[in-house]
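*Asks:* Before I ask anything, here is the structure I am working with.
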Amino acid sequence: MLTLRDLVVSLPDGRHGVDGVSLALEAGRCLVLLGESGCGKSLTALSLMRLLPEGVTIAGGQAHLGAQDLFALPERRMRSLRGGRLAMVFQEPMSSLNPVMTIAAQIEEARAAHGSRQTVAELLDDVGLQPQHAQSYPFQLSGGQRQRALIAMMLAGEPEVLIADEPTTALDVTVQAQILRLLRDLQSRRAMALLLITHDLGIAREMGDTVAVLYAGQVVETVAAQDLFASGGRHPYTRALMQVTPSLGRRGQPLLSLPGSVPLAGAWPRGCRFAPRCSAVAPRCREASPALEAGVRCLFPVGAAPASPDPLQDGVPSRAALGSSPSCASASFGAATPREAATEAVLLEIKNLCVHYPLRRGLLQRTVDWVRAVDGVDLRLNRGETLALVGESGCGKSSLARALLRLQPAATVRGQVRLNGEEILNLRGSTLQTLRRCAQIVFQDPFSSLDPRMRVGDSLEEGLQALRPEMDSAARRQQIERMLKRVGLDVSAMPRYPHAFSGGQRQRLAIARALCIEPQLLILDEPTSALDVSVQAQVLALLRELQAEHGLAYLFITHNLPLVGYFADRVAVMQGGKIVEAGAAESVMAAPQHPYTQALLASAPG
Amino acid sequence: MINIQPTVLISDAVLFLLLAAVGVYIWRARRSENARATWRGVFASGTGRWAAWVMAFFVSIGVLDSLHFRVAVETPAGQAQQYSGEVLSVLDAILTPLRTASEKTYSAPFATTLLVKESVTLADGSVARLAPAITHIHPLGTDKVGQDVLYLALKSVRTGLLIGTLTTLVMLPFACALGLAAGYFGGWVDDAIQYLYTTLNSIPGVLLIAAAVLVVDVQIDAHAEWFNSAAARADLRLLALCAILGLTGWTGLARLLRAETLKLRELDYIQAARAFGVSHGWILVRHVLPNVAHLIIISVVLDFSGLVLAEAVLSYVGAGVDPATPSFGNMINAARLELAREPVVWWPLATAFAFLFALVLAANLFADAVRAAFDPRGAR
Amino acid sequence: MIAYLTRRLLYALPILLGVNLLTFALFFGISSPDDMARIHLGGKRVTAEAVERWKVQHGYDLPNFYNAAGEGTDKVTQTLFVQKSLKLFALDFGAADDGRDIGREIGKRMWPSLVVALPTFFLGLAAYLATALFLVFFRNTAIDTVGVILLVALMSISGLFYVIGGQVLLAKWWQWAPISGYAPGFSGLQFLLLPVLIGVVSGIGDSSRFYRALFLEEAGRDYVRTAHAKGLSPFRILFRHILGNAAIPILTGVVVVIPRLFLGSLILESFFGIPGLGSYTIDAIQAQDFAIVRAMVFLGSLLYIIGLILTDLSYAWVDPRVRLQ
């Protein structure tokens, strides 16, 4: 139905963002394009629509939809295909809809452009929206509803091929499950071909008939989804991806840790592009570029006669194979075993914590109501323990973290928080500084957590200057060097600016910055959710080791349940500002009691 | 050897202070890889480079015109050396042929005679109406009092530059301090600062400036004893104008900085600094200010051309520089009557137009290049 | 909405009071009525009696804030602040230095100002938006590049040159229209042609460039990509989607100045001899008539605040996010 051959996309600086991608879609089937950030998935999709950003051009290849040559069509004819036979759904439902037009008007526009047979009401019904949503503006709808509205617009032209570019990445897990179900229903009902782009193996497993794995601008493996999840794939990268994903089943085992990170678009290594990170690399791999043969782009694919014994075969990599990467964890930590009674001392105790924001209305701006972001939370965290705080966006987990660190305006916070037995909510001045020495935070987005205009060394020194006044500059430097080494970087990082580091490296820097002042409690606010899966494993391994060495307690805030199952000792599930269920991670994950926890678990893809 | 006494007007001192500050910035920027790369971006485009050269030409004229001195006059032996009351600049010295070559009144460019005829008694005793010959050739003609127009235009450059730069100097501290404070602290600090700038904004700009200039004029008139020379008096009036423009002109940038700080405040690295117990003042200086610096630089270069143009309008309204100060505004103002003459005296206006256009166009193109290089979103 | 409006109106009061205090400080604090008198009586050799006489004539013979000589409420009301500053709130502007009532003068002169300013404003807005849309439609082509260079050149020319050049070229040489003057009614239309045309042309560089930048910013947003993916024509995307969203920032800049159109344009009116508030103001500045300047400052602020409130209302009109929340 839709075939793409040898697509090359060239970036404004002349480098290639996509380098020879071929795909084939069939009616009524779903092809999943799986890959990490920067490997060229979105560029491939936008090329098919001929909607590449300014300056980015199609430099080679052919695409055919039926008999039509997509890249040779004049723009006017291409326009009638877009939203007609070929439609696309985007990642950000918040910004992908026109904010000042009603949903009905936006659907109507698409209908008018393609002479749709379905009415607006029918289209809304098809995507599971109510008739009254027609007259709504996008801001009045939730994220999931917006994504449904966008899909309705794209269905107006009765597409034969629907491209969905990370359609659920910006959504909560429960909503994600609904949207995926909707896409699958529509695909089978309308016998559409679906090209689903994702970075999430779980989604690929759930949705895909065929999976094409993309790495560094190339398809490295094309395989039937069933075979992939049965055999683990034949390309070392595919196999690695399958093993770096944390889950309850892998609890207590170290994850495979891929060294390094995904190369930047266009800055690709010679020879096999995966060679620098590959554990089974042979000298030839660095010279010869493998071709895609029998669905695999590898000189020594698994399943053929391997040139060297495959270290990934049994799931646990050998140390020798992975080299001396710092992220390669030693297997000696007993993560999943409950802590010994001796370390069972309470570090943090939260009683009836509330964060309420006033809602002001009327002439005198009187407070008419409160937004109860956190509403009577009780939690306890022991020394050296990992407590996962799980919830969807808006459940109050970040407000809670900010309140614990006293970053929240004091007027909005009530309740009791004891750290080391001392009440912290009313600390001021130097006693507040003592709290800051005990509790630190690592944020979600490694790109905004370091000041882009400050040298890394200065960023790391800042906390020491403020909180460890007893240290002189030599002692501070020594401490920074020690921590940089500990997270797998070295002194050469100090005079550089953050932009010189990858996402994973920045997250290590952020961890080092927090560790410099030697806290007892580290709040981890979604520390890996902005990272590629192959990098996430490195950071998790590092966190594990640090916990074992320093007896750190982690408050691990996340929305990712498999991660909780893998990483946490205890878990607290938060909904609407309240804790709805708490307990040992294993038992909660295995036998959830509260309906919300059950829904969350059922929604997790994979 | 001519005996001279260097004389520093207040505006000269401020200008050189400003140049020193720019020098320090360049020295620091050269050491920072980021800043070097950004500035290379400014000069990478052809228009940016050309605009910079034209600006450099005008600035060097302005600087030469700011090195002032007084010439010694004949002093009877035994007395302390006396100096002329007339303050000259290095530019004046360079342009001495133009400066001293004055005629009686108007003459067209490259004309050999004055524009107006005079009654001349000829050798045979008869009286004839003749246009008298001029003493020098003037490439751009002469004005009403016979002064060379090219010289006048070159002298006007300094006035325009000073207004464009000194105003910024006055405006920046207010815009930065108030904009950052409003955005970072929020609450009543924000309310108070917003009230202040809404109030200032609500007054029509020209009127507020005119009112302030009127008041300053009254003060200058009432205190003639403050000034030892006409140059010092005109200089103070110019400085006062810059101060007034600066005090009334900080609101735009302050609003911009407030909005940006409001966004920065929520960013993780600011929150991280707060979690480390870093003080607010330190956060503002180390984290916020460097991250809004590009906005400040863009706004300073963008404002420059607007201020140079504003001088012309204000001088026309009667709220500009001293009528005796050479400036484009005063040249244009005089041109109104000249155009009504017969034959039309067009050259002072044409000269003012050409110089002002070149200066402002260069400033605008330079500002565009700076914005393109500094704006992270990639300016259009 | 009513509560919101009431609050905005109440918020306007402290701002007007602030404007009042500021002008009072300028005219009665930094300089004083004695200074004014001396300027008007001319030169340094003015006797103290003459100054006193002038102050009595013009009602400046009062203390600033507190009149110890007065009785009862007079202690407060018989002061310069109340008489000269607070009375502005009642739109009581007092008399100019030549004795004429400023309020009546304003009432008479605002119409000629409006007759010139309104068409200039609306024709200008249409012309600037059209220019900007034209350039955005042809973005990334030579038309756009040349157009932008032209706009930068146009905005580098001082407004005074547009007026002088226009007068010389269109009126003096080509004789399209009278060089200056004003007459009410239809017979006055010929006088409007030149100032309106020049007013529109002099703003084209700045405004069109600004609108173009706004449109380009909108053109880069995600919903525009969605519109393309729906297969809409570029024309429809430009007018329905980009213009519709850019209307919001454009309105902030535009609506706020509408009330101020009453004040007219200083430059245009004085060059074209239009008896409006602009030329009234410029004459007052040149004659150093502080009473008129004070009145115009207050009026300008009042109109600005009305403009701010209108801006809020227009937001609610174009932006559903404001209207429905």
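*Asks:* Taking region A:357-385 as the search range and keeping residues that are under 20 Å from A:GLN575 (Cα atoms) and β-branched (Val, Ile, Thr), which one is nearest to the other protein chains (Cβ to nearest Cβ)?
*Replies:* Of everything passing the filter in region A:357-385, A:VAL371 is nearest to the other protein chains (Cβ to nearest Cβ).
*Asks:* Whether any residue in region C:132-148 is among the aliphatic types (A, V, I, L, M) and under 22 Å from the mean Cα position of the chain (by Cα) is what I want to check. Working first, answer last.
*Replies:* Start the filter on region C:132-148 by keeping residues that are among the aliphatic types (A, V, I, L, M), which leaves C:132-133, C:135-136, C:142-143, C:146, C:148.
Then keep just the ones that are under 22 Å from the mean Cα position of the chain (by Cα); that gives none.
No, every residue in region C:132-148 fails to be among the aliphatic types (A, V, I, L, M) and under 22 Å from the mean Cα position of the chain (by Cα).
*Asks:* Go through A:ALA152, A:ALA240, A:ALA204, A:ALA177 for me and flag whichever is among the small types (Gly, Ala, Ser), open to solvent by 10 Å² or more (accessible area, probe 1.4 Å) and part of a helix (DSSP H, G or I).
*Replies:* On the way: A:ALA152 fails: open to solvent by 10 Å² or more (accessible area, probe 1.4 Å); A:ALA240 fails: open to solvent by 10 Å² or more (accessible area, probe 1.4 Å); A:ALA204 fails: open to solvent by 10 Å² or more (accessible area, probe 1.4 Å).
Step by step, each of A:ALA152, A:ALA240, A:ALA204, A:ALA177 is checked, and only A:ALA177 is among the small types (Gly, Ala, Ser), open to solvent by 10 Å² or more (accessible area, probe 1.4 Å) and part of a helix (DSSP H, G or I).
*Asks:* In the set B:ALA293, B:ALA319, B:ALA312, which member is away from chain A (no Cβ under 14 Å) and either in a helix (DSSP H, G or I) or open to solvent by 10 Å² or more (accessible area, probe 1.4 Å) (or both)?
*Replies:* Working: B:ALA293 fails: away from chain A (no Cβ under 14 Å); B:ALA319 fails: either in a helix (DSSP H, G or I) or open to solvent by 10 Å² or more (accessible area, probe 1.4 Å) (or both).
The conditions single out B:ALA312.
*Asks:* Step by step: first the residues of region A:407-420, then only those that are over 16 Å from A:VAL371 (Cα atoms) and open to solvent by 50 Å² or more (accessible area, probe 1.4 Å), then the one that is nearest to the other protein chains (Cβ to nearest Cβ). Which residue is that?
*Replies:* Per the stated criteria, the residue is A:ASN420.
*Asks:* Does any residue in region C:59-76 that is at pLDDT 75 or above come within less than 6 Å, Cβ to Cβ, of a residue that is of a type in the set (A, V, I, L, M) six or more places away or on a different chain, and which pairs are these?
*Replies:* As it stands, the answer is C:LEU62/C:LEU80; C:ASN64/C:LEU80, since those pairs meet every condition given.
*Asks:* Please verify whether region B:348-356 includes one or more residues that are surrounded by fewer than 18 Cβ atoms within 10 Å (Cβ to Cβ) and closer than 22 Å to C:GLY165 by Cβ.
*Replies:* yes
Every residue, every condition in (1) open to solvent by less than 30 Å² (accessible area, probe 1.4 Å); (2) under 30 Å from C:ALA316 (Cα atoms); (3) of a type in the set (S, T, N, Q), yes or no:
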{"position": "C:LEU10", "(1), (2), (3)": "no, yes, no"}
{"position": "C:GLU49", "(1), (2), (3)": "no, no, no"}
{"position": "C:LYS55", "(1), (2), (3)": "yes, no, no"}
{"position": "C:VAL76", "(1), (2), (3)": "no, no, no"}
{"position": "C:THR79", "(1), (2), (3)": "yes, no, yes"}
{"position": "C:ALA90", "(1), (2), (3)": "no, no, no"}
{"position": "C:ALA95", "(1), (2), (3)": "no, no, no"}
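*Asks:* Please go through region A:468-514 and pick out each residue that is within 14 Å of chain B (Cβ to nearest Cβ), among the aliphatic types (A, V, I, L, M) and within 27 Å of A:GLU36 (Cβ to Cβ).
*Replies:* Listed by number, the residues that qualify are A:ALA500, A:LEU509, A:ALA510, A:ILE511, A:ALA512, A:ALA514.
*Asks:* Does any residue of region A:108-123 turn out to be in contact with a Ser or Thr (Cβ under 8 Å, 6 or more places away or on another chain) and in a loop (DSSP other than H, G, I, E, B)?
*Replies:* Checked against the condition, which is being in contact with a Ser or Thr (Cβ under 8 Å, 6 or more places away or on another chain) and in a loop (DSSP other than H, G, I, E, B), region A:108-123 yields no hits at all.
*Asks:* So, of the residues in region A:430-485 that are assigned by TED's automatic domain parsing to the domain that holds A:LEU400 and basic (Lys, Arg), which turns out to be least open to solvent (accessible area, probe 1.4 Å)?
*Replies:* It comes out as A:ARG436.
*Asks:* Which of the following residues is over 27 Å from the mean Cα position of the chain (by Cα) and either more than 25 Å from B:ALA259 (Cα to Cα) or open to solvent by 50 Å² or more (accessible area, probe 1.4 Å) (or both): B:PRO132, B:PRO139? Spell out the reasoning first.
*Replies:* Working: B:PRO139 fails: over 27 Å from the mean Cα position of the chain (by Cα).
Answer to the check: B:PRO132.
*Asks:* Go through region B:214-255 residue by residue and tally those that are over 18 Å from B:THR165 (Cα atoms), more than 14 Å from chain C (Cβ to nearest Cβ) and touching a residue at least 24 places away in the same chain (Cβ under 8 Å). Give the steps one after another, and end with the answer.
*Replies:* Kept after step one, since they are over 18 Å from B:THR165 (Cα atoms), are these residues of region B:214-255: B:214-233, B:255.
Adding the requirement that they be more than 14 Å from chain C (Cβ to nearest Cβ) leaves B:226-233.
Then keep just the ones that are touching a residue at least 24 places away in the same chain (Cβ under 8 Å); that gives B:229-233.
Adding up the residues that qualify gives 5.
*Asks:* Among (1) part of a strand (DSSP E or B); (2) over 29 Å from A:GLY144 (Cβ atoms), which single condition is A:ARG76 missing?
*Replies:* (1)
*Asks:* Ok, one more. State yes or no: is B:THR38 open to solvent by 60 Å² or more (accessible area, probe 1.4 Å) and either assigned to a helix (DSSP H, G or I) or touching a residue at least 60 places away in the same chain (Cβ under 8 Å) (or both)?
*Replies:* On the way: open to solvent by 60 Å² or more (accessible area, probe 1.4 Å): no; either assigned to a helix (DSSP H, G or I) or touching a residue at least 60 places away in the same chain (Cβ under 8 Å) (or both): yes.
So B:THR38 fails the test.
*Asks:* Something else: Which pairs turn up if I take residues in region A:245-270 that are in a loop (DSSP other than H, G, I, E, B) and look for partners that are among the charged types (D, E, K, R) and open to solvent by 40 Å² or more (accessible area, probe 1.4 Å) with beta carbon separation below 6 Å, at least 6 apart in sequence or on another chain?
*Replies:* Between residues of region A:245-270 that are in a loop (DSSP other than H, G, I, E, B) and residues that are among the charged types (D, E, K, R) and open to solvent by 40 Å² or more (accessible area, probe 1.4 Å), the close pairs are A:GLY266/A:ARG15.
*Asks:* Among the candidates C:ILE285, C:ILE248, C:ILE242, C:ILE274, which residue alone is away from chain A (no Cβ under 14 Å) and in a helix (DSSP H, G or I)? Let's see the steps before the verdict.
*Replies:* Working: C:ILE248 fails: away from chain A (no Cβ under 14 Å); C:ILE242 fails: away from chain A (no Cβ under 14 Å); C:ILE274 fails: in a helix (DSSP H, G or I).
The unique qualifying residue is C:ILE285.
So that you can scan it fast, the table gives a plain yes or no per residue for (1) within 28 Å of the chain's Cα centre (by Cα); (2) open to solvent by less than 50 Å² (accessible area, probe 1.4 Å); (3) modelled with pLDDT of 90 or more:
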| position | (1), (2), (3) |
| --- | --- |
| A:LEU33 | yes, yes, yes |
| A:CYS39 | yes, yes, no |
| A:SER42 | yes, yes, yes |
| A:ALA63 | no, yes, yes |
| A:MET88 | yes, yes, yes |
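The values are calculated or read from the model by the stated rules, or taken from the named source; none is laboratory data. Just so it is clear, the structure is predicted and the values come from calculations on it, not from any experiment. Positions of Cβ are generated from backbone atoms using ideal geometry, with glycine treated the same way; all protein chains shown enter the neighbour counts. These area figures cover heavy atoms from the full protein model, side chains too; ligands, DNA and RNA do not enter into them. Shrake-Rupley method; radii C 1.70, N 1.55, O 1.52, S 1.80 Å.
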